[in-house]
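What follows is a single structure, written as structure tokens, with notes after it.
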Amino acid sequence: MQVAALRHRPESEDCYLVSQEDMKLRLHTGKDVQAVYVYYGDIYEPLTELKKAEMALAGHGQVNDYWEATVTMPNHRCRYLFEVVGQDGEKVIYGDRGIRKDEQESYDDPSNYIKLPYFHLIDMTKTPDWVKSTVWYQIFPERFANGDKTNDPAGVKPWKPDDKPGRDDYYGGDLQGVLDHLDYLQKLGVNGLYFCPIFKAASNHKYNTTDYLEVDPEFGDKALFAKLVNEAHKRGMKVMLDAVFNHIGDTSLQWQDVVANGEKSRFKDWFHINHFPVEPYDPKDPSYETFAFEKHMPKLNTANPEVVDYLLTIATYWIKEFDIDAWRLDVADEVDHHFWRKFRDAVTAIKPDFYVLGESWHASQPWLNGDEFSGTMNYPFTGQIGDHFLKGVQDAKTMTELLTDQLFLYREQTNSAMLNVLDSHDTPRIKTVAKGDEDKALQALAFTFVQTGSPCIYYGTEMGMSGGEDPDCRKPMDWSQDGSPVWQAVHEIIQFRRDHWETLSQAATWLEVTKAGLIHVVRNGHEKIEAWFNTTGKAVSLETKAALSRGYQGGELANKGYVFELK
């Protein structure tokens, strides 16, 4: 047995509360272990009172297996150690003092037990329950619909879905366009609206904010936004706004004061300035720090109390005044942890079930311990899906193993609040990644929708829209495809998710590849859901009762097909 592969970290994703009395335990092992047992008990009771529970094999990762057990402790405290049995018959004890031999002394030594001295409910990671039942729809406001031509900017282009947008092009999309299509979105089945920034900014994307407290006039005004939120809420839809607190636009009052007054500016400490004057900007010797090397986006100093107060005023204003339900935080991993802890405290003080979503393109454990973000944009997870289903650069077994590894990076509460996106305003569209193959795109989408986490549709996916790297992925919405076969397939996937959210958002997930090469997903919770996906290149025999399928007929699942079964 590879004892070097044994790993467990107390008070982390390997040991965490799921209720006041229940604690989830996980142990990482090599793939040469046949059984794991946990010995556990109250830290103040004699060791003779210990209980023994067999841990369940919960997943196969790329190099690790994962074992889980939930222990119940009525007195809200626990000590425990693991007994690990290898496939070769070797047995070892893993505890607080390391790996020991399987002998009585290892069990009798109180110092060898890992301890959680008290179960503090306030420390338990909590995520909003409503997110688990939400299917998000991401809207890039400038390209969704033009509902009010009177606020169109100068030089607005004709609404052509097959156009190739330039970086500075405008098409006239606005909030009225979204309001006009709320019934459409309800018909599609989504119940969460995720807006790219709507604040005043000198661009079509609005990520270089000029004024966080104003709706951009090209999109409408605050009264219109308030009406939009109210109408969305009437339809059972949550509203998430996107904000950039890592940097601000160079047209903002604060930065312009620095440009004009240099070291005498009262805002000079709001930024990370290397030397004066700040202009002209030279990326080889930057006078100030920015997002990437983008001179129009000077980075805010979020360690400055004035900046903290300013940003928290913005964060709470849109909740208090407009009743938004969530913030999506751009470039969130470049902002300090101290600020995000204050941010979470501020927004949840107003709305305890507020959803805080951070943008991160990598493993995000430091932000996901319950005191900063509810979840992150789950690019490392969904990237594996794209690599297999859309690009074909990764085999099925590797994908299922890597997805399992991703799941065990986080607590189950956190996994249920991750945002699962296959494409967005920052990436090529899934149809383009699949080289125009709509069957591949729909199969990848269906697979994503049976995973844990909160799924998200990028506007136009249901219309079969294509598009390469930004800005090509931001074409005007193609409204002509409403009700098309692709639209219907997406609608059915969404509806299945909505109907079975209790199981699909939070139940245990088992991923494997069958002997015939099918990807098999098992979700065991409120009910049992099994799903099969064929990426083998040929039809495969499969006997099942289809609750939802594409390419399944006469006991055969076609290549690029999928089938869901309810039990």
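Couple of notes before you dig in:
- The chain - accessible surface per residue (Å², probe 1.4 Å): 40
- Kirkwood Rh (inverse of mean 1/r, distinct Cα pairs), the chain, angstrom: 25.6
- Over region 419-529: Rg over Rh, Cα atoms, Kirkwood Rh: 1.00
- With the largest listed first and rounded to whole Å, the semi-axes of the equivalent ellipsoid of region 455-504 from the Cα gyration tensor are 24, 14, 7.
- Region 408-440 and region 50-103 have Cα centres spaced 34 Å apart.
- Considering every alpha-carbon pair of region 247-299, the percent of pairs per 10 Å bin, from zero through the bin containing the longest distance, is 29, 64, 7.
- Net charge in the neighbourhood of Ile529 (other residues with Cβ under 10 Å of its Cβ; Lys, Arg +1, Asp, Glu -1) is 0.
- Most to least accessible of Tyr170, Tyr458 (protein chains only, probe 1.4 Å): Tyr170, Tyr458
- Scaling against 2.2 N^0.38 Å puts the C-alpha radius of gyration of region 509-566 at 1.04.
- Largest accessible area first, the listed residues Arg411, Arg7, Arg328, Arg550 line up as Arg7, Arg550, Arg411, Arg328 when surface is computed with a 1.4 Å probe on the assembled protein chains.
- Taking region 3-116 and dividing mean pair separation by its residue count, relative contact order in percent (alpha carbons under 8 Å, at least six apart): 25
- Within straight-line cross-link reach of Lys132, aspartates and glutamates at Cα separation under 18 Å, skipping those fewer than 8 residues along the same chain: Asp325, Asp353, Glu412, Asp499, Glu502, Glu527
- Restricting region 129-226 to trypsin sites (Lys or Arg not before Pro) in coil, as DSSP defines it, with at most 13 other Cβ within 10 Å: Arg167
- Alpha-carbon centroid distance for the pair region 131-155 / region 298-365, whole angstrom: 23
- Only aspartates and glutamates eight or more places from Lys164 in sequence, or on another chain, were considered; those with a Cα closer than 15 Å are Glu142, Glu469, Asp470, Asp472, Asp478.
- Separation between Cα centres of region 4-39 and region 192-260, rounded to whole Å: 43
- Checked against a 28 Å cut-off, the cross-linked pairs Lys31/Lys515; Lys351/Lys475; Lys24/Lys567 give Cα-Cα distances beyond that limit for Lys351/Lys475.
- Straight Cα distances below 13 angstrom link Lys101 to the aspartates and glutamates Glu83, Glu90, Asp109, with same-chain residues fewer than 8 positions distant left out.
- Ligands, DNA and RNA left out, the 1.4 Å accessible surface of the chain is 48% carbon and sulfur atoms.
- Computed with every protein chain present, the accessible area of Tyr16 is close to 10 Å² [probe 1.4 Å].
- Taking the alpha carbon gyration tensor of region 3-116, multiplying each eigenvalue by 5 and rooting it gives semi-axes of 21, 17, 11 Å, largest first.
The values are calculated or read from the model by the stated rules, or taken from the named source; none is laboratory data. Just so we're clear, the structure is a prediction, and the values are computed from it rather than from any experiment. All Cβ positions, glycine included, derive from the backbone under ideal geometry; neighbour counts span all protein chains shown. Just so you know, the surface numbers come from the protein's heavy atoms only, side chains and all, with ligands and any DNA or RNA stripped out. Shrake-Rupley method; radii C 1.70, N 1.55, O 1.52, S 1.80 Å.
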